[in-house]
Amino acid sequence: MAQNRSLSGKLFFILNLLLWLALLLVAGIAYTPLTAYLLKPLIVPEEVRDADLIVVLGGGVDEGRYLTLLSSHRLVRGVQLYLEGRASKILFSGGISGGGNVAEATVMAQEARRLKVPAYDILLEKKSSRTHEQAVEVKKIASSMQGKSILLVTSFSHMKRALMVFENAGFKVYPAPADPYERYTKAPLNRLGLFPILIHEYGGIVYYKIRGWI
């Protein structure tokens with residue numbers, strides 16, 4: 001009986017300790033500049049130049065077949081570059097993801113046409129489901145039109161990994177990140193939301209290096 005009480009006491013102590021550690025971690029993320037420090041090594045300076053092709057990476061489509069906020073930011077940036085005349089063609093990259101039934105590239109192209117981008121200047125890549133696959137599939141399309149340089153549009157925090165992947169695929173890449181909202185994330189709840197995104201990027205970089213994709 002005494003042994004059972006001792007075991008219960010140890011379990012209670014461990015659970016209590018884990019709970020306090022979790023609370024400290026949450027507080028550290030929400031109320032300190034931790035996310036800003038994690039973001040800093042991922043920052044890639046913008047380098048907008050004329051290129052053979054503008055490449056916009058998809059960031060998700062919701063169940064209602066509407067672009068997520070990430071995809072919308074990327075779309076707007078890509079269309080801005082096209083309307084500035086930075087490239088004669090704009091390519092949207094992204095297949096079906098997240099249990100959806102329509103490719104991200106298809107929805108982005110639809111919205112681009114609404115923003116007055118002519119259909120004949122829009123290219124689609126609809127097979128990919130991850131950044132590495134996007135680089136491989138975009139390379140096939142670009143090679144058929146002798147495209148070597150690209151203006152790469154993706155989220156601010158995703159740009160470093162995407163840049164390395166597309167450079168590894170043989171492109172001359174000019175980074176043109178979308179709205180850098182990550183830089184201005186200071187509210188506690190927003191920091192908590194940004195933290196897993198940053199951890200995902202660090203994990204992705206490690207995994208891609210192991211696979212030889214960057």
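The values are calculated or read from the model by the stated rules, or taken from the named source; none is laboratory data. Nothing here was measured: the structure is a model prediction, and the numbers come from that model. Every residue, glycine as well, gets a Cβ built from its backbone with ideal geometry; the counts of neighbours run over all protein chains shown.
A compact table of results
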quantity: Every residue from the range 202-214 that is in contact with a helix residue (DSSP H, G or I) (Cβ under 6 Å, 6 or more places away or on another chain) and either modelled with pLDDT of 95 or more or surrounded by fewer than 13 Cβ atoms within 10 Å (Cβ to Cβ) (or both); calculated: Gly204, Ile205, Trp213
quantity: Answer from Leu67, Leu83 - the residue that is surrounded by 20 or more Cβ atoms within 10 Å (Cβ to Cβ) and more than 14 Å from Tyr174 (Cβ to Cβ); calculated: Leu67
quantity: Some residue of the range 51-63 being on the phi > 0 side of the Ramachandran plot and not in a helix (DSSP H, G or I); calculated: yes
quantity: Members of the range 168-198 found to be part of a helix (DSSP H, G or I) and either without any contact (Cβ under 8 Å) to a residue 24 or more places away in the chain or touching a Cys at 6+ places or on another chain (Cβ under 6 Å) (or both), listed by number; calculated: Tyr184, Asn190, Gly193, Pro196
quantity: Every pair of residues 6+ apart whose Cβ atoms lie under 8 Å, when the first sits in the range 5-34 and is touching a residue at least 12 places away in the same chain (Cβ under 8 Å) while the second is among the acidic types (Asp, Glu); calculated: none
quantity: Count of the range 28-79 residues which are among the charged types (D, E, K, R) and within 11 Å of Val153 (Cβ to Cβ); calculated: 3
quantity: Residue list for the range 172-193, filter: closer than 25 Å to Phe92 by Cα, crowded, with 18+ Cβ neighbours inside 10 Å and in contact with a helix residue (DSSP H, G or I) (Cβ under 7 Å, 6 or more places away or on another chain); calculated: Val173, Pro175, Ala176, Pro177, Ala178, Glu182
quantity: Residue match in the range 69-80 (condition: more than 30 Å from Arg211 (Cβ to Cβ), under 21 Å from the mean Cα position of the chain (by Cα) and of a type in the set (A, V, I, L, M)); calculated: yes
quantity: Some residue of the range 121-132 being of a type in the set (Gly, Ala, Ser) and more than 16 Å from the chain's Cα centre (by Cα); calculated: no
quantity: Hits in the range 67-97 (condition: in a helix (DSSP H, G or I) and either without any contact (Cβ under 8 Å) to a residue 24 or more places away in the chain or of a type in the set (S, T, N, Q) (or both)); calculated: Leu69, Ser71, Ser72, Gln80
